[in-house]
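First comes the structure, then the notes that go with it.
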Amino acid sequence: ERLITLCKIIKDNGIKLKINTCITSLNNNEDINELLDTIKPDRVKVLRAFCHGDTEKYNITDNEWDIVKSKYNNAIFEDNDYMKTSYIIVDSTGNLSKNNLHITNNSLLLKNVKECLDYISHSKEEKQ
């Protein structure tokens, strides 16, 4: 109820409501269509979780992803391949990944953002 009230306040004040949800093996069987019908967001984006290392067990299969996509009309879907090349990803240890390049000694916990981004750029150039 609190979420629905907050969404109504947002929309009543002329603010566009955009909902992003990230799908993992923990929530891929859930269906939020009733909530979406109630809050009527301006945009819904469904992202497939990109987990690796200790969290890899939370990834979903291609078949499970297809089932998720079949549940939601008018949503934007972003798969792992798209996200790997479109976002800078920070893992649970602060390491950055971009364009399929994951560097384990590039942690935001040890360096500032500029240093980490510069390191990714240089590492990418070396791989080409």
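Where a number appears in this text, it was derived from the coordinates with a stated rule and is not lab data. Model, not experiment: these values are computed from the prediction. Quick reminder, even Gly has a Cβ in these numbers, built from the backbone with ideal geometry, and neighbours come from all protein chains shown.
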Share of alpha-carbon pairs per 10 Å distance bin for segment 28-98, given as whole %: 17, 45, 31, 8
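Compute the length gained on full extension between I67 and E115: take 0.36 nm times their separation in residues and subtract their Cα-Cα distance, giving the result in nm to one decimal.
Details: separation 48, 0.36 × 48 = 17.28 nm, distance 4.03 nm.
Roughly 13.3 nm would be gained on extension.
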Low-density loop cleavage sites - trypsin sites (Lys or Arg not before Pro) in segment 1-47, where at most 10 other Cβ are within 10 Å (DSSP): K16
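Could you give the length gained on full extension between N33 and L108, defined as 0.36 nm per residue of separation minus the Cα-Cα distance, in nm?
On the way: separation 75, 0.36 × 75 = 27.00 nm, distance 3.65 nm.
Here the answer is 23.3 nm.
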Efficiency of FRET between D79 and S25 - r from beta-carbon atoms, R0 22 angstrom, step 0.05: 0.90
